[in-house]
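Undergrad: To start, I am sharing the structure in question, which I have written as structure tokens.
The values are calculated or read from the model by the stated rules, or taken from the named source; none is laboratory data. Computed from a predicted structure; not experimentally measured. Using ideal geometry, Cβ is built from the backbone for each residue, glycine included, and neighbour counts are taken over all protein chains shown.
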């Protein structure tokens, strides 16, 4: 598994039928890292830090062992400090930082 950040949506209208209508996203392991394309199996938005799987796990997470994917997003990270040498910040008090997504909906939180 890899921790990556969603950079943007990738629009590809010409694709093989096996990909269906699953969204494709551009992701990076860290700022300045190489870009990769991932199948979005859970509903991410740009800026989300996500958990990705590769190889046969990516195909199964996308829906089938025959699915043509090398990288699939399987979780959205709710809280994580990027490359911080200090201890993690305490969780917010109850009622704050509820994990609600912009637009008032909560989707696919790991």
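Undergrad: Checking residue 78 against (1) touching a helix residue (DSSP H, G or I) at 6+ places or on another chain (Cβ under 7 Å); (2) modelled with pLDDT of 80 or more: exactly one of these is not met. Which one?
TA: (1)
Undergrad: Among residues belonging to the range 37-51 that are part of a strand (DSSP E or B) and at pLDDT below 90, point out the one that is surrounded by the fewest Cβ atoms within 10 Å (Cβ to Cβ). Full working, then the answer.
TA: Looking only at the range 37-51, we keep the residues that are part of a strand (DSSP E or B), and these are 37-40, 49-51.
Next, only the ones that are at pLDDT below 90 stay: 37, 39-40, 51.
Details: 37: 13, 39: 24, 40: 22, 51: 16.
By that ranking, first place goes to 37.
Undergrad: So, one more: For the range 10-27, what are the residues that are under 12 Å from residue 73 (Cα atoms) and either at pLDDT 85 or above or in a strand (DSSP E or B) (or both)?
TA: Of everything in the range 10-27, those that are under 12 Å from residue 73 (Cα atoms) and either at pLDDT 85 or above or in a strand (DSSP E or B) (or both) turn out to be 23, 24, 25, 26, 27.
Undergrad: Would you confirm, using the coordinates I've provided, whether residue 16 is in contact (Cβ under 8 Å) with a residue 12 or more places away in the chain and out of contact with any strand residue (DSSP E or B) (no Cβ under 9 Å at 6 or more places or on another chain)? Working first, answer last.
TA: On the way: in contact (Cβ under 8 Å) with a residue 12 or more places away in the chain: yes; out of contact with any strand residue (DSSP E or B) (no Cβ under 9 Å at 6 or more places or on another chain): yes.
Judged against the criteria, residue 16 is a match.
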